[in-house]
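Just below is one structure, and these are the notes that go with it.
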Amino acid sequence: MTTGSRAGPAHRPGPAHRPGPPSGQARTERQRARRRRILDASTELAAAGGFDAVQMRDVAESAEVAIGTLYRYFPSKIHLLLAVLEDQLERLRATLRERPLTERDPAERLAHTLKRAFRSHQREPRLAQAMMRALQLADASARGEFRAVTRLTTALLVEASGLPEAEAARRLSAIRVIAHTWHSSLLYWVAGNATLAEAHEDIETACRLLAGDAAPIE
């Protein structure tokens, strides 16, 4: 047993002596946390007041970041709301993995998936309106964010379909059409130009494309 005279505080390693993460890693973690706060603040503002309620200065204040920092992450409100849309799609993907679909038919699986998404939009209609308007207004400056949303939507639907990889690749055009129909139906619904029943019907019609060969017309 050591005694106090032989092992003073200088000999006992404590928190101050433990190596921390490399500075680059710590900076990356802080950046991730900052980006998360920005997305959460934007989501809350959009859910409360829609597209017009998402003002960059309000987002910066709510996320506790400098306005210049916010613009370094997201050059405009359109870029920001497209990132929110991508984040919401990632959440849907995670939900589908946590609660797997039970349907065996790919068309039914996709219809179920998109109706599940619509239920979340029903709970937050102003958020849905803000995201869809950003998608509609995206220009060349937001091409990267727009493509990220498109890629993620397609990947989510491929995964939800349950199709084998080769079969999903063969039916990729049909899956893209389903994605376009989903976004269009949502856009019409949040604008009040289509009922929920009509949106669901259009989605179901599009999903039935997976039942055919979807061969290109020559």
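The values are calculated or read from the model by the stated rules, or taken from the named source; none is laboratory data. From a predicted model like this one, the values you see are computed outputs, not experimental measurements. A quick note on method: Cβ atoms are made from the backbone with ideal geometry, for glycine too, and the neighbour counts reach across all protein chains shown. Protein only, heavy atoms only, side chains kept; ligands, DNA and RNA dropped before computing areas. Shrake-Rupley method; radii C 1.70, N 1.55, O 1.52, S 1.80 Å.
Spelling out what I want: for every residue of segment 74-86, take phi, set θ = phi - 60°, compute 6.51 cos²θ - 1.76 cosθ + 1.60 (Karplus), and round to whole Hz; glycine and proline get x.
9, x, 7, 5, 5, 4, 5, 6, 5, 5, 5, 4, 4
Explain nothing, just compute: Karplus ³J(HN,Hα) = 6.51 cos²θ - 1.76 cosθ + 1.60, θ = phi - 60°, for every residue of segment 112-126 in order, whole Hz, x for Gly and Pro.
So the Karplus estimates, Gly and Pro as x, are 4, 4, 6, 5, 4, 5, 4, 4, 5, 5, 4, 6, 10, x, 5 Hz.
Give me the net charge for the shell around residue 60: Cβ to Cβ below 15 angstrom, other residues only, Lys and Arg +1, Asp and Glu -1.
Result for the local shell: +2.
Pulled fully out, how much extra length does the chain show between residue 159 and residue 147, if you take 0.36 nm times their separation in residues and subtract their Cα-Cα distance?
2.5 nm
Could you state the accessible area per residue of segment 16-137 in Å², with a 1.4 Å probe and every protein chain left in place?
57
Express the carbon and sulfur contribution to the solvent-accessible surface of segment 25-103 as a percent, rounded to the nearest whole number, probe 1.4 angstrom.
45
Among residues other than residue 158 whose Cβ falls under 14 Å from its Cβ, what is the net charge (Lys/Arg +1, Asp/Glu -1)? Please list the in-between numbers first.
Values: positive: 93, 97, 109, 151, 170, 171, 176; negative: 159, 165, 167.
Charge balance in the 14 Å sphere: +4.
For residue 91 and residue 139, compute 0.36 nm times the residue count separating them, minus their Cα-Cα distance, and round to one decimal in nm. Before the final figure, lay out the partial values.
On the way: separation 48, 0.36 × 48 = 17.28 nm, distance 2.52 nm.
The span from residue 91 to residue 139 would gain 14.8 nm if fully extended.
Convert each backbone phi in segment 161-174 into a coupling constant with the Karplus relation 6.51 cos²θ - 1.76 cosθ + 1.60 (shift: θ = phi - 60°), then list the ³J(HN,Hα) values in order as whole Hz, x for Gly and Pro.
3J(HN,Hα) across segment 161-174, in whole Hz: 5, x, 6, x, 4, 5, 5, 5, 5, 5, 9, 4, 4, 4.
Once a ≥ b ≥ c are taken as the square roots of the eigenvalues of the Cα gyration tensor of segment 95-197, is the result rounded (a/c under 1.5), prolate (a/b larger than b/c) or oblate (a/b not larger than b/c)?
Because a/c hits 1.5 or more and a/b fails to exceed b/c, segment 95-197 counts as oblate.
7 Å from Cα along Cα→Cβ at both residue 195 and residue 37: what's the point-to-point distance in nm?
Label-label distance for residue 195 and residue 37, simple model: 4.6 nm.
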